[in-house]
Amino acid sequence: MSIKHGLLALLREEPKYGYQLRGEFEAATGATWPLNIGQVYTTLTRLERDGLVRAASTEADGRSTYEITEAGRTELDSWFQTPVTRESRPRDELAIKLALALAVPGVDVSAVVQRQRSATMQSLQELTRLKRGDRDGEISWRLVLESMIFAAEAEIRWLDHCESILLRHRGRPAKQPQVHEADDTTEVTR
Amino acid sequence: MSAILDIRGLTRTHGKGEQAVHALRGVDLSVAPGELVAVMGPSGSGKSTLLTCAGGLDQPTRGEVLVDGNDLVTLSRAGVAALRRRRIGYVFQDFNLIPALTAVENVALPLELDGTRSRTARKYAEAALQEVGIGELADRFPDDMSGGQRQRVAIARAIVGDRRLLLADEPTGALDSETGEAVLQLLRDRCDQHGIAGVLVTHEARHAAWADRVVYLRDGVLVGQAGPLADPDQLLQGSH
Ligand SMILES: Nc1ncnc2c1ncn2[C@@H]1O[C@H](COP(=O)(O)OP(=O)(O)OP(=O)(O)O)[C@@H](O)[C@H]1O
Ligand SMILES: [Mg+2]
């Protein structure tokens, strides 16, 4: 689920407060995935339980910042590196992944898009092979196959489109410039 | 089996200095007998350049292009021309048919230019038209045919005789999706049944999906591929 990975992505650079995470998550995803603060804290609690983040400092008012752990970084890197599968796909997860890849410095967005494109193309090839092997099969099966083929094709076109938007967007200065320490030890940076 | 098309370190630069356009930068691509490879990528990424270099229609700035073991770069002009007539079939996006010749004459032309006797060439051409499903249109002129039919004539011309390498630049460009599909079926059958190596440039993912392997060009560089021959680990690592 992406809220979890979204928060990890936003913590990649520096520790943050829950309310800060909520605002940045919404900014990064263009408010297409509104979060309430309750969801943020529930997610942070689960992340903490799983050892992916830890509370970093606690202010007098009881609010604390969270920071990502090594295990959290590993989890995040593998999320960025793994294409979303066609079976378990909320299309939004892909959109959110791309938006975050763009918002977080040091992620190669084109590589994320390309891996996804290759993965979707692979399923399109498999569907096409099924279709070829079944030239005079049942019409209902044929139609189901065609619908899956068109869906995969649409996703690839959508990826092409996203890539051109992302590349254009990347050319612009970041909305919230952040000074952060270089962290070259993470896998995502390539 | 050794590759029919073997491209190594292919670089093609247009112009010099500040104005230089790097259409291809160090592309490696190998296509085995019976294999169909689709090339995708944004406009201007170098797809047509890759194809014209593979077909001996353009000279690389650097690198090697081997077709059936012959290096097009070091081969004489006459050698390249002969190879193009005998071993390489090229389907152009705009078909490039000669309007003054009938379908069968268009298809027979490369054979006749290569010295095959007229009657024999015609026999082969008729067989090729038959094979692409328009045998009955042999004596029509291109202007009296639909876009899909003209496309089939262009494909027949590219497969006539004993071709080893079939290069097609957006062969489904102007066709509706059913007709485009039929063209893919045709290319696929050539590769499966005759062991031809095929390279297909297309913008359409659904057409690229007929290929054994799909490679992506961006700014003159191959950035990834999909297909059974791809090493899954490599895909996950991204390019390089
Ligand atoms: N003769 C030429 N002189 C200068 N530049 C050229 C020449 N031919 C091609 N180019 C440039 O080389 C690059 C690659 O062109 P190419 O035709 O291979 O692209 P393409 O991927 O086939 O694009 P499209 O999808 O639009 O057909 C482009 O930037 C193009 O402008
Ligand atoms: Mg082109």
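A few remarks follow.
- Residues in region B:1-25 that are open to solvent by less than 80 Å² (accessible area, probe 1.4 Å), more than 11 Å from ligand 1 (Cβ to nearest atom) and on the phi < 0 side of the Ramachandran plot: B:A3, B:I4, B:L5, B:D6, B:I7, B:L10, B:T11.
- Note on region B:41-59: residues that are touching a Ser or Thr at 6+ places or on another chain (Cβ under 7 Å) and at pLDDT 95 or above total 0.
- Test: A:Y66 is of a type in the set (F, W, Y), in contact (Cβ under 8 Å) with a residue 40 or more places away in the chain and open to solvent by 20 Å² or more (accessible area, probe 1.4 Å): yes
- Any hit, region A:101-111, residues being of a type outside the set (A, V, I, L, M) and open to solvent by less than 20 Å² (accessible area, probe 1.4 Å): no
- Residues of region B:31-79 that are within 16 Å of ligand 2 (Cβ to nearest atom), assigned to a loop (DSSP other than H, G, I, E, B) and under 14 Å from the mean Cα position of the chain (by Cα): B:G55, B:L57, B:D58.
- Region B:72-89, subset open to solvent by less than 30 Å² (accessible area, probe 1.4 Å) and touching a strand residue (DSSP E or B) at 6+ places or on another chain (Cβ under 9 Å), residue farthest from B:L113 (Cα to Cα): B:L72
- Set A:Q116, A:Q81, A:Q122: member being without any contact (Cβ under 8 Å) to a residue 12 or more places away in the chain and either open to solvent by 70 Å² or more (accessible area, probe 1.4 Å) or of a type outside the set (D, E, K, R) (or both): A:Q122
- Some residue of region B:80-91 being within 16 Å of ligand 2 (Cβ to nearest atom), away from every other protein chain (no Cβ under 14 Å), in contact (Cβ under 8 Å) with a residue 40 or more places away in the chain and under 14 Å from the mean Cα position of the chain (by Cα): yes
- Subset of region B:26-66 [under 28 Å from B:D189 (Cβ atoms), charged (D, E, K, R) and within 12 Å of ligand 1 (Cβ to nearest atom)]: B:K47
- Restricting the first member to region B:93-107 and to residues that are closer than 17 Å to B:L166 by Cβ, and the second to residues that are within 15 Å of ligand 2 (Cβ to nearest atom), the beta-carbon pairs closer than 6 Å and six or more apart or on different chains are B:Q93/B:D169; B:Q93/B:E170; B:Q93/B:G173.
- From A:L100, A:L124, A:L76, residue being touching a strand residue (DSSP E or B) at 6+ places or on another chain (Cβ under 9 Å), within 23 Å of A:Y41 (Cα to Cα) and among the aliphatic types (A, V, I, L, M): A:L76
The values are calculated or read from the model by the stated rules, or taken from the named source; none is laboratory data. What you are looking at is a predicted structure, and each value in this text was computed from that prediction instead of being measured. Backbone-built Cβ (ideal geometry, glycine too); neighbour counts: all protein chains shown. All accessible areas refer to the heavy atoms of the entire protein, side chains included, with ligands and DNA or RNA removed. Shrake-Rupley method; radii C 1.70, N 1.55, O 1.52, S 1.80 Å.
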